[in-house]
1. Quick one: which residue in L38, L65 is modelled with pLDDT under 75 and in a helix (DSSP H, G or I)?
2. Is there a residue in region 104-124 that is touching a helix residue (DSSP H, G or I) at 6+ places or on another chain (Cβ under 9 Å), loosely packed, with under 10 Cβ neighbours inside 10 Å, over 30 Å from A39 (Cα atoms) and not assigned by TED's automatic domain parsing to the domain that holds V51?
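The values are calculated or read from the model by the stated rules, or taken from the named source; none is laboratory data. Please read these numbers as outputs of a predicted model, since none were measured by experiment. Because the Cβ atoms are built from the backbone with ideal geometry, glycine has one as well, and the counts that use them run over all protein chains shown.
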Amino acid sequence: MAEKFEIEIEEEEVEPSETTWQSLVRRVVLAGAGAVGLAQDEAEAFVRRLVQRGELGEKDGRSLLAEIHEQQRRFARLGPLFLLERQVEFVLHRLSVPTKTEIDELSAKIETLSQKVDQLRQLLQPKDKR
């Protein structure tokens, strides 16, 4: 005779204010902003050292710093979105979720196969049913 077992399952409570995706987005954005800030600080310090040592002219140093600031402003607008897209692509790949292109390719193959099946059915039907 089979024994009966009772299994208790405890469900983890999730804060309604922050879902898993929201948490992921928040972490990606904060990590990107932190990395950009650190990289900008390091780049500025490096340019200043080059100018102090005379390996880079002051005018070129100012120009390079202005370019660094402009890239940082562009990244502040677009960088977090790019990082988020990369993270989402990674997660979807890990979960083996097909891309739109892959789905479109499979749909085209299915359509081609359906047409071939229809052609074969017509060939195999008795002549009097055609």
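1. The unique qualifying residue is L38.
2. Checked region 104-124: no residue is touching a helix residue (DSSP H, G or I) at 6+ places or on another chain (Cβ under 9 Å), loosely packed, with under 10 Cβ neighbours inside 10 Å, over 30 Å from A39 (Cα atoms) and not assigned by TED's automatic domain parsing to the domain that holds V51.
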